[in-house]
Amino acid sequence: MGPHDGRCVHRGGHPDAGPWFRLLDRDRRLLSLLAEHKVLTTDQIAALEFASVRRAQDRLRKLREMGMLFAFRESLYGGGTSQTRHALGYPGARLIAAQRAEKPPAPSTHAVMLERLACSLTLEHRLGINNFFTALAAHRNPTRHRDTRPSTRIEGLTQWWSERQCDNYFRIDKYNGETVQPRPDGYGCWEQGGRAVRFFLEYDTGTESLTVLARKVAVYQNFPTDDFGVLLFSLHSTRRETAARAALHKALCGYERTPVIATSARDYSHPDDPAGPIWSLLTVQSGSTAMERLTLADLPERGPRIAHHAGFAQPYSEAAFDPHDPEFAGILMLDRNRRADPPTARCIDSTSGFDTPTLDDDGEIEIPPGHWPRRRT
């Protein structure tokens, strides 16, 4: 196979891009996902692109032999190892950088990144977040829709932004020097039955105190959250969900306007979760009690409805809006002039809304009718 065993190298101005042309489309999608979301397990990758875990294992082995992937496992207490985790190998990182016309990382820099990823204390949290989104993306697995016509409307997960992408975009620097920046674990758009539900995800593993968890609501309250999506809290257990809903409900009572919030418990399982009927809206009436369970598609629609884009290097970005679009950037810029409303001693139902917002005496943003979906009561 040559002296480099099929690996992409770059020496003295003589690059070898040959491996790129030996990759399948699904391989390139996988490399793009790993470039953005850092790490995926074998089961997660199989759910995205393959008909079985066995077929995924065979292809992943070939990609590791090509140097496209870096794989590692954790030794478990009492014997055995964890499921294999996959990250972007250096040749794969170079090819993705070339595809995006970006400067590739230095080999030493990439090696340090992989070491930090494998040893990170937040690795399980990152894998949990990615498991949430891959469970949604699995509904679009190509092996499930081989007979689907090209003209069929796209349904399923049509946007998946990483924590890094959210940090880069969802930020308001106000004139008084204050920075309002929610730090969601991810941002997505789920489309089904003609409805598009955009959402911020807070993925809870139970390590944070309820005080810290409830404090996040204040940031989303001061951010134009409803202009971009609903706020989802995925809790690790039903007991944790009950306690978290009580803490969140108490935190919301200090505000007149609140974002739409829904919670779920991961031990409240469903075959279609997290797209299934596992979500409960947090309202004044429900309080800490999880009332009716709704599917993800049945949650209130918030945020923009836009035509699907094509040609994004990052998979699952058909419904992604352009961060540089003046219409979307204007929401963040105009919000800098908004006068903060003083807290009141009452709560409102977070599911109530408006049909056509206008500019009122308090300086609320006016959005022309037709630009945003009509909110449902």
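The values are calculated or read from the model by the stated rules, or taken from the named source; none is laboratory data. Values in this document were obtained by computation on a predicted structure and should not be read as measured data. Virtual Cβ from ideal backbone geometry, glycine too; neighbours counted across all protein chains shown.
Annotations
- Among the candidates Asp173, Asp167, Asp204, residue that is assigned by TED's automatic domain parsing to the domain that holds Phe223, surrounded by 19 or more Cβ atoms within 10 Å (Cβ to Cβ) and acidic (Asp, Glu): Asp204
- Unique match (being hydrophobic (A, V, I, L, M, F, W, C) and over 25 Å from Asp298 (Cα atoms)) among Val212, Val197: Val212
- Residue check, Thr109 of a type in the set (S, T, N, Q), out of contact with any Leu (no Cβ under 9 Å at 6 or more places or on another chain), modelled with pLDDT under 95 and outside the structural domain of Asp204 (by TED's automatic domain parsing): no
- Residues of the range 208-227 satisfying the condition of being assigned to a loop (DSSP other than H, G, I, E, B) and either in contact (Cβ under 8 Å) with a residue 40 or more places away in the chain or in contact with a Gly (Cβ under 7 Å, 6 or more places away or on another chain) (or both): Phe223, Pro224
- Yes/no for Arg215 being in contact with a Lys or Arg (Cβ under 7 Å, 6 or more places away or on another chain), of a type in the set (Lys, Arg) and under 19 Å from Leu282 (Cα atoms): no
- Unmet criterion (only one of (1) under 22 Å from Arg266 (Cβ atoms); (2) over 14 Å from the mean Cα position of the chain (by Cα)) for Phe200: (2)
- The helices (runs of 4 or more DSSP H) found entirely in the range 36-119 that carry 3 or more residues being surrounded by 14 or more Cβ atoms within 10 Å (Cβ to Cβ) and free of Cβ contacts under 8 Å to residues at least 40 places away in the same chain are 53-65.
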